[in-house]
Structure formats: C-alpha cells, structure tokens
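Reviewing the structure listed below.
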Amino acid sequence: MQKEKYLQDAKTAAKEAGKYLIGETLKEINVEQDKDIKLYADKNSEKIIIDYLKARHDIPILTEESGELGDIGEGLYWVVDPIDGTYNFFKGLDLCCVSIALWKGSDPVLGVIYEFKNDRLYYGIVGEGAWCNGKSISTSEIAELGKASLATGFPVYRDYSDHALTTFMDSVQCFKKIRMFGTAATSIVYVASGKIDVYIEEDIMLWDVAAGVALVLAAGGAVKLEQGSKKWTRKTMCFANDKLKEKYLNEIFSN
Ligand code: IPD
Ligand code: CA
C-alpha cells in the first residue's frame, strides 16, 4: 500500500474542502433533528472530498452525510467528516475542522485533520509519525490522572438519562481539568499534539473520531474503542501514553 499517496490525497481533499468552507458565508440549516443540525455546507464540503478521493482511489467511503458508499469490510476504506464541529461553524466559532481517515478493517492507518479557520493541517501515519504544518507533533508525557486534562463531549446518540450522566461524571472526576470544545476531531488532535492529555466520549460516531484516533497513535499515544449503541458509534478513549491508559482503565474504568 502506498501510504504516502493516500496521505497526500487526503491532505489535498481536506484543504480543498477547507478552502470552500472558509469562503462559505451562507450558513443555512439543511436538517434539524433533536440535538443535531446539518448544514448545506456539510453536504457541499462532503461532495468536494468524495469527488476528489473517488477519482483517485477505488475503495469504499464511510461518511457523515452519505453513510456507507461501497462495502466496508476488512480492507481499506476512507472515513470522512466534512465538518466536525458543525454547530461551532454555524455559530461562527473558530473550533471546527475537516477530518479524513484511512482505516483497514478496525485498524486506523492514517489521519488528516484540517482546522481551516487557522490553516492548521494535522496529518500522521500510524507507526511513522505525526505533524502539524510540517512540524513533528507528539503526545504529552503526563502520566498521572490527577495532573491530566480531559476533553469530552455529549454526542447526539449518547444516553442522557440521569443514571448514565452521573456514571459518566463519576468516571471523569479523577482529572485535573475538563474541557468541551464542541468538536471531537479537534479534541483528539489536541491529545495528539500534547495540548490535552485524554479524550473520552461515549457513543460518538466513527467519522467524528477516525482521523483523530489515527493521529493519536501516530503521535505516540494510546487508544481504546468499544462498540456503541449503533453500528458506527464507539465509546472512544484516547490517551497521551500507555501509563495514563493503564491507570484510567485499571483504577476508574474497571470500577
Ligand atoms: C459533533 C462533534 C461534537 C460531538 C458530537 C458530534 P458534528 O460532530 O464532534 O463534539 O460531541 O457527537 O456529532 O455534528 O459537529 O459533525
Ligand atoms: Ca462530525
């Protein structure tokens, strides 16, 4: 597999979509349902990415707006989120990005996240390294839960019952600081680049986290994914290093 070629194409597709999104002034809502909103910009950005990738690679694509394009199995496939942080984008907040990953079965291969508002392109190949605008990035060395910062979020499909929320809050009280940025992809890229130490979100869609998970691994971190309540949702846990992962899983998660 020519990973470099896949990476280059994912980077270009993300940049093309970002160029469109930066110039998009009409923030019209296409679909509004329960806790979710979808903009016409999500669709347009996705079309730019899909057209670009399809013209160059004959592999399936899993996307936020169109679902499964082709048969996703044990082989290679793209995972595309045309805007992560759609609500932030809608409200004019800067934290939003384009996210493109290449996975093989259940293994992340590479990831690209483009923060188009500040022109930061993050990219990495698992086992080879991770970069932001050409500079190498790595996860933090913080190894104590009490010194670690956590990024999290409350996704559309999570269980919002009192019991589920209380259980979740109990499991995150061990951290020094807790942040909610409104975009899973950006939250995870902060772990990959050492700005945040842990990311945990329950029942999050795979396209929100696929590129970030690849980037965390590429940058020296550790991850754990568990099947969520829907086919493509996962409980996603990303850690700056193995020590933090072990501590969280042994001391908190097992209780
Ligand atoms: C959302 C963001 C948010 C997460 C939600 C996602 P969207 O993605 O990643 O952080 O909590 O579950 O749906 O809707 O902005 O693409
Ligand atoms: Ca998303």
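Scanning segment 185-211 for residues that are within 11 Å of ligand 2 (Cβ to nearest atom) and more than 20 Å from A164 (Cβ to Cβ) gives A185, T186, L206, W207, A210, A211. Note on segment 125-165: residues that are in a helix (DSSP H, G or I) and aromatic (F, W, Y) amount to 0.
May I ask you to verify whether W103 is farther than 28 Å from E24 by Cα, assigned to a strand (DSSP E or B), away from ligand 1 (no atom under 14 Å from the Cβ) and modelled with pLDDT of 95 or more? Judged against the criteria, W103 is a match. Looking only at segment 59-100, how many residues end up being among the small types (G, A, S), within 12 Å of ligand 2 (Cβ to nearest atom) and part of a strand (DSSP E or B)? Qualifying residue count for the region: 1.
Scanning segment 130-145 for residues that are closer than 11 Å to A192 by Cβ and not hydroxyl-bearing (S, T, Y), we see that the one that is surrounded by the fewest Cβ atoms within 10 Å (Cβ to Cβ) is W131. For the structure I just gave you, tell me whether V109 is buried (at least 16 other Cβ atoms within 10 Å of the Cβ), out of contact with any Cys (no Cβ under 7 Å at 6 or more places or on another chain), assigned to a helix (DSSP H, G or I) and at pLDDT 95 or above. Against the criterion (buried (at least 16 other Cβ atoms within 10 Å of the Cβ), out of contact with any Cys (no Cβ under 7 Å at 6 or more places or on another chain), assigned to a helix (DSSP H, G or I) and at pLDDT 95 or above), V109 does not qualify. Residue count for segment 39-54, restricted to those that are out of contact with any helix residue (DSSP H, G or I) (no Cβ under 7 Å at 6 or more places or on another chain) and either β-branched (V, I, T) or closer than 18 Å to I22 by Cα (or both): 5. Within segment 202-233, being in a strand (DSSP E or B) and touching a helix residue (DSSP H, G or I) at 6+ places or on another chain (Cβ under 6 Å) holds for I204, A222, V223.
A quick yes/no check of all residues on (1) modelled with pLDDT of 95 or more; (2) in contact with a Ser or Thr (Cβ under 7 Å, 6 or more places away or on another chain):
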site	(1), (2)
V126	yes, no
G134	yes, no
L145	yes, no
L150	yes, no
Y160	no, no
T166	no, no
M169	no, no
T183	yes, no
G194	yes, yes
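The set of residues in segment 169-186 that are away from ligand 1 (no atom under 13 Å from the Cβ) and either free of Cβ contacts under 8 Å to residues at least 40 places away in the same chain or outside any loop (DSSP other than H, G, I, E, B) (or both) comprises M169, D170, S171, V172, Q173, F175, K176, K177, I178.
The values are calculated or read from the model by the stated rules, or taken from the named source; none is laboratory data. Note that the coordinates shown come from a computational prediction; the quantities given were computed from them, not determined experimentally. In this analysis, Cβ positions are derived from the backbone assuming ideal geometry, glycine residues included, and neighbour counts consider all displayed protein chains.
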